[in-house]
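Chemist: Sharing a structure here in structure tokens format.
The values are calculated or read from the model by the stated rules, or taken from the named source; none is laboratory data. As the structure is a computational prediction, the values presented were derived from the model and not from experiment. All Cβ positions, glycine included, derive from the backbone under ideal geometry; neighbour counts span all protein chains shown. Just so you know, the surface numbers come from the protein's heavy atoms only, side chains and all, with ligands and any DNA or RNA stripped out. Shrake-Rupley method; radii C 1.70, N 1.55, O 1.52, S 1.80 Å.
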Amino acid sequence: MSAITLASGLAALGLDLPDAAQQQLLAFRDLLLKWNKTYNLTALRDPEQAVSHHLLDSLAILPHVNDGALLDVGAGGGLPGIPLAIARPQLAVRMVDTVQKKATFLQQAAIQLGLKNVAVDHARVEELTGQYAQISSRAFAELGLFVELTRHLLAPGGRWLAMKGVRPDDEIAALPADITVDRIVPLAVPGLDAERHLIILKAGQ
């Protein structure tokens, strides 16, 4: 299968981003792969694969991201937080990771890319304070643990956005009784030949 370009991938996702944002996304990819040589932020080494597996995979959830402040947990190499922050300059994005070198990379990426809407914490998520309208994760933990560690950070009426591969029915079945599944969204990521799902969760009122 031929590699997909960022522009064609965005078109396939139905996303219309200005040229400046597309250039920022590619600059972020280059930064991620450059730092990756030293810091081991991602298993991917191929710039073309990084477009589909990182940039487009992150942006596939963009239509489901609201305007309220977003906390990205276990942000690692900045996915999905940084692509979302680039695509939505008005969206306040806070990213947290327990690994110092990953937090350092995220801070540096935000500075180099001029992302004024990004904040980074090197911390354990259970030690954070604040309230967020939406809390995202990508391959962070099983749903029950994700909810348990971040429940104190979810604003009233807020939502969890959990990015998963195969639909995690076992994890959904094991959720606490007061957590409701708002939506399960199958995602078709251009250039990515794998199942992807977005699980949107809410806390019971």
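Chemist: Can you give the Rg and Dmax of the range 88-165 based on its C-alpha atoms, in angstrom?
Modeler: Gyration radius and largest Cα-Cα distance of the range 88-165: 12.8, 35 Å.
Chemist: For Arg159, list long-range residues whose amide hydrogen, built 1.01 Å from N in the peptide plane, is under 5 Å from its own amide hydrogen.
Modeler: Gln134, Ile135
Chemist: To continue, here is another question. Quickly rank 89-100, 74-85 as a protection proxy: mean count of other C-beta atoms within 10 Å, highest first.
Modeler: Final packing ranking: 74-85, 89-100.
Chemist: Keeping all protein chains in place, calculate the accessible area per residue for the chain (probe 1.4 angstrom), answer in Å².
Modeler: 46
Chemist: With each pseudo-label sitting 7 Å past Cα toward Cβ, what's the Ala20-Val166 distance in nm, one decimal?
Modeler: That separation, rounded to one decimal, is 4.4 nm.
Chemist: Sticking with this structure for a sec: Take the alpha-carbon positions of the chain, form their convex hull, and give its projected area averaged over all directions (one quarter of the hull surface) in nm².
Modeler: Across all orientations, the chain yields a mean hull projection of 10.6 nm².
Chemist: Using only helices, what value at 222 nm comes out for the chain when you add -39,500 (n - 2.57) per DSSP H run of length 4 or more and divide by the total residues, to the nearest 500 deg cm²/dmol?
Modeler: -9500 deg cm²/dmol
Chemist: I would also like to ask the following. Before anything else, pin down the relative contact order of the chain: Cα pairs under 8 Å, at least 6 apart, normalised by residue count, whole percent.
Modeler: About 19 percent, as a whole number.
Chemist: In terms of modelled amide H atoms, which long-range or inter-chain residues lie less than 5 Å from the amide H of Leu154?
Modeler: Close amide H contacts, sequence-distant or interchain: Tyr132.
Chemist: So what is the relative contact order of the range 83-125, in percent, for Cα pairs below 8 Å that sit 6 or more residues apart?
Modeler: Computed over the range 83-125, the figure is 51 percent.
Chemist: What Kirkwood Rh does the range 134-188 have if only Cα atoms enter the pairwise 1/r average? Answer in Å.
Modeler: In the range 134-188 this quantity evaluates to 11.8 Å.
Chemist: Still on this structure, please answer the following. From the Cα gyration tensor of the range 106-205, with a ≥ b ≥ c the square roots of its eigenvalues, which class applies: rounded if a/c is under 1.5, or else prolate if a/b is larger than b/c, or else oblate?
Modeler: Working: a/c = 2.04, a/b = 1.18, b/c = 1.73.
Oblate is the answer for the range 106-205, as a/c is 1.5 or above yet b/c matches or exceeds a/b.
Chemist: Where in the chain are the DSSP H helices whose alpha-carbon span along the long axis reaches 24 Å or more and whose Kyte-Doolittle mean is at least -1.0?
Modeler: Qualifying helices, which must be both long enough and hydrophobic enough, are 19-39.
Chemist: Spelling out what I want: for every residue of the range 194-202, take phi, set θ = phi - 60°, compute 6.51 cos²θ - 1.76 cosθ + 1.60 (Karplus), and round to whole Hz; glycine and proline get x.
Modeler: Coupling constants for the range 194-202: 7, 5, 9, 9, 10, 9, 9, 10, 10 Hz.
Chemist: Once you have a ≥ b ≥ c as the square roots of the Cα gyration tensor eigenvalues for the range 2-87, tell me rounded if a/c is under 1.5, and otherwise prolate or oblate according to whether a/b is larger than b/c.
Modeler: Oblate, because a/c is 1.5 or more while a/b does not exceed b/c.
Chemist: Shifting gears a bit: How much of the accessible area of the chain, in percent, comes from carbon and sulfur atoms when a 1.4 Å probe is used?
Modeler: Exposed carbon and sulfur together represent 50 percent of the surface.
Chemist: Further question: Provide the percentage of antiparallel DSSP beta bridges, counting only those with both residues in the range 57-205; round to the nearest 5.
Modeler: That works out to approximately 40 percent antiparallel.
Chemist: While we're on this one: Give me the percent relative contact order of the range 84-205, please, defined on Cα pairs under 8 angstrom at least 6 residues apart.
Modeler: For the range 84-205, the relative contact order is 20 percent.
Chemist: What is the set of long-range amide H partners of Ala92 at a cut-off below 5 Å, with H atoms built 1.01 Å from backbone N?
Modeler: Close amide H contacts, sequence-distant or interchain: Leu70.
Chemist: Let me ask something additional. Within 10 Å, count the other beta carbons around each residue, average over each peptide in 27-40, 53-66, and list them highest first. Provide the component values of the computation, followed by the final result.
Modeler: Details: 27-40: 16.1, 53-66: 21.0.
The densest-packed peptide leads the list: 53-66, 27-40.
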